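Take a look at the structure set out below.
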């Protein structure tokens, strides 16, 4: 098979993996021809997002070989039970809260369902910023409001 081009770039799995490792999901999506996504089961977290007004679904990935995109905050789409929602996701270590293990969590907009134990798919549209440590939970909440506004513009 001849090399395939997308937007003038040769499509290769190596190039796509490199883009995802750098958090360049928009470019990776162009080469893939679809949105990079992660599917997993919603598990209980520490409910800190809920107390900040930004409840998150924490995702447990069952595929140990799944490539995880770079740490950061992303505009995304979420699919649950055949329905689609807008959201923003964080891949990272939550430095303001705990510096724990790598987590994948998503705040699903206009959504208020108990989905613990359910499987959802997060499709990543664009990386918006690096994950960073904030001085306080109030500063984090202020940034989350800005992130949501930016996400809605992207989506």
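The values are calculated or read from the model by the stated rules, or taken from the named source; none is laboratory data. Keep in mind that what you see is a predicted model, and the values were worked out from it rather than measured. A quick note on method: Cβ atoms are made from the backbone with ideal geometry, for glycine too, and the neighbour counts reach across all protein chains shown.
Structure summary
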{"quantity": "Unique residue being at pLDDT below 95 and out of contact with any helix residue (DSSP H, G or I) (no Cβ under 6 Å at 6 or more places or on another chain) when the list is 101, 130", "calculated": "101"}
{"quantity": "When residues of region 116-147 are limited to those that are surrounded by 15 or more Cβ atoms within 10 Å (Cβ to Cβ) and part of a loop (DSSP other than H, G, I, E, B), the one nearest to the chain's Cα centre (by Cα)", "calculated": "131"}
{"quantity": "Top-ranked residue in region 32-51 [being buried (at least 19 other Cβ atoms within 10 Å of the Cβ) and either farther than 17 Å from residue 91 by Cβ or touching a helix residue (DSSP H, G or I) at 6+ places or on another chain (Cβ under 9 Å) (or both); ranked as modelled with the lowest pLDDT]", "calculated": "49"}
{"quantity": "Strands (runs of 3 or more DSSP E) wholly inside region 71-113 that include at least 2 residues being without any contact (Cβ under 8 Å) to a residue 40 or more places away in the chain and surrounded by fewer than 16 Cβ atoms within 10 Å (Cβ to Cβ)", "calculated": "83-92"}
{"quantity": "From the options 79, 149, residue that is more than 18 Å from residue 51 (Cα to Cα) and either touching a strand residue (DSSP E or B) at 6+ places or on another chain (Cβ under 6 Å) or modelled with pLDDT under 95 (or both)", "calculated": "79"}
{"quantity": "Residues satisfying the stated conditions in region 8-28, i.e. assigned to a loop (DSSP other than H, G, I, E, B) and free of Cβ contacts under 8 Å to residues at least 40 places away in the same chain", "calculated": "8, 11, 12"}
{"quantity": "Any hit, region 4-21, residues being within 17 Å of residue 114 (Cα to Cα) and modelled with pLDDT of 90 or more", "calculated": "no"}
